[in-house]
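The values are calculated or read from the model by the stated rules, or taken from the named source; none is laboratory data. Small disclaimer: the values here were computed from a predicted structure and weren't measured. Backbone-built Cβ (ideal geometry, glycine too); neighbour counts: all protein chains shown. Ligands, DNA and RNA are excluded from the accessible area calculation, which covers all protein heavy atoms including side chains. Shrake-Rupley method; radii C 1.70, N 1.55, O 1.52, S 1.80 Å.
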Amino acid sequence: MNRNLKVYPIFRFLLNMLIIGPILIPFLRWKGLDYSQIMLLQTISALSAMVFEVPTGAVADKLTRKLSLVISGFILSAAILIYILADEFIFFTVSEVLFGLGLTFSSGADSAILYESLRSLGREKEYQKREGSAASNIFLGQAVFSILSGYLYMIHPTIPFWISVIFLASGSFAALFFKEPDRTKSPHRYLKHIWISFSEAVKKPRILWLLFFAALFGSLIRLGYWLYQPYFDLVSLEIVYYGYIFAGMNIIAALSSKYLLKRVSHLRPRRVLLSLACLMSVSFLLPGFLKAWWLIGIICLQQLFRGMYPATMRFYVNNQVKDDFRATTISLVSLVSSLSFALISPLIGNGLDVVGTQQVYRWVGYISVAGLLFLFFLRRRQKQRKREYICESS
């Protein structure tokens, strides 16, 4: 189990060193795609993740976490290779399906193996610290490579993709060194296990609230990434500076996951999540009404959410569910995020082509404010129902 604690940050680092972030949209435009096609691909990827999320989480729960993590890196490597070689929309579609599948094999299984390793050592309280530290290393690595990727792209657009393939394959190799923790495995058949996981999730008010949160803001943080470059275009930012902007974003995410997360660890997770959601709303609304290069700094507020949300969400789930449903429940949270992103992304892509960047930012800002109000009143209603139940029972 001590070896798992050493392997985990290495595995997470390698599997997340996709250094294509700053140049992905320019790359797809270079390949001849418009914004509507690009966002349609994201819908396909999200739908793939939605279809595969819970089944692959169940594989990790019922069979082995380790195998699930090894498979993840190899499938992601294949997806990036197709991206490099593709020159028609149909091949990009195949790549996105594989990408969705690859991500779901590690979603839930990685955090579960960390939590269970710590618990077997009697050190569960270190979970948020270790998760945040691993995420911080990822963000710092992405910051460095974000700067390099812009220059590598200028040499040839496919170079950052080839480097990403090497990292992903290395991540699969690192996963071979995990030791499967001793844990309780689900005694149920595959489909029954999935159904019970879903039933248990919706019965728990805290998990139900988290599912709604993920559907709203888990999808909006993903959407925010695809809106960076259109705003860069709007303020006439040259492509060579994209890497520096993304490096700054990753440094903000790294600092928030390593230090800020520790400062707020004593607070209730829901309070942390709602505060982050408020910042998300501001980051969409202001650029929606104003046009200036300095507003990129306001957009960077989204990186606080990016840095703190995963560890907060996973800690919340890990403390609410049992071993045999842990990875599947985390996958359910990711599933609802993928579903809502899949529904909204085609509209956003069409909006970018038809009404422009700022109008789309305003749309997303309105959605985020409405989502905040809904979540606030939902939790208030849940507390009221709990008090009513206690009164009736007494």
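Checking LEU98 against (1) open to solvent by 60 Å² or more (accessible area, probe 1.4 Å); (2) in a helix (DSSP H, G or I), only one condition comes out false. Which one?
(1)
Given SER345, SER334, which one is touching an Asp or Glu at 6+ places or on another chain (Cβ under 6 Å), within 26 Å of SER45 (Cα to Cα) and modelled with pLDDT under 85?
SER334
Look through region 63-76, keep the residues that are open to solvent by less than 10 Å² (accessible area, probe 1.4 Å) and among the polar types (S, T, N, Q), and return whichever of them is farthest from the chain's Cα centre (by Cα).
For region 63-76, the residue satisfying everything is SER68.
Checking the conditions here, which among ALA247, ALA292, ALA215 is under 25 Å from SER133 (Cβ atoms) and out of contact with any Cys (no Cβ under 6 Å at 6 or more places or on another chain)?
ALA247 is the lone residue from the list that is under 25 Å from SER133 (Cβ atoms) and out of contact with any Cys (no Cβ under 6 Å at 6 or more places or on another chain).
Can you confirm whether PHE92 is open to solvent by 10 Å² or more (accessible area, probe 1.4 Å) and modelled with pLDDT of 85 or more?
When the stated conditions are applied, PHE92 does not pass them.
Can you find even one residue in region 79-87 that is within 23 Å of PHE315 (Cβ to Cβ) and either out of contact with any helix residue (DSSP H, G or I) (no Cβ under 9 Å at 6 or more places or on another chain) or not in a loop (DSSP other than H, G, I, E, B) (or both)?
Checking region 79-87: not a single residue is within 23 Å of PHE315 (Cβ to Cβ) and either out of contact with any helix residue (DSSP H, G or I) (no Cβ under 9 Å at 6 or more places or on another chain) or not in a loop (DSSP other than H, G, I, E, B) (or both).
Tell me which residues, restricted to region 249-304, are of a type in the set (Lys, Arg), over 19 Å from LEU220 (Cβ atoms) and either in a loop (DSSP other than H, G, I, E, B) or open to solvent by less than 30 Å² (accessible area, probe 1.4 Å) (or both).
Matches in region 249-304: ARG268, LYS291.
Looking at (1) more than 20 Å from the chain's Cα centre (by Cα); (2) at pLDDT below 80, can you tell me which one TYR231 breaks?
Condition not satisfied by TYR231: (2).
What number of residues within region 151-175 are within 23 Å of the chain's Cα centre (by Cα), under 17 Å from LEU28 (Cα atoms) and surrounded by 16 or more Cβ atoms within 10 Å (Cβ to Cβ)?
Qualifying residue count for the region: 3.
Can you give me the number of residues within region 28-46 that are among the small types (Gly, Ala, Ser), open to solvent by 20 Å² or more (accessible area, probe 1.4 Å) and either in a helix (DSSP H, G or I) or in contact (Cβ under 8 Å) with a residue 60 or more places away in the chain (or both)?
So the answer is 1.
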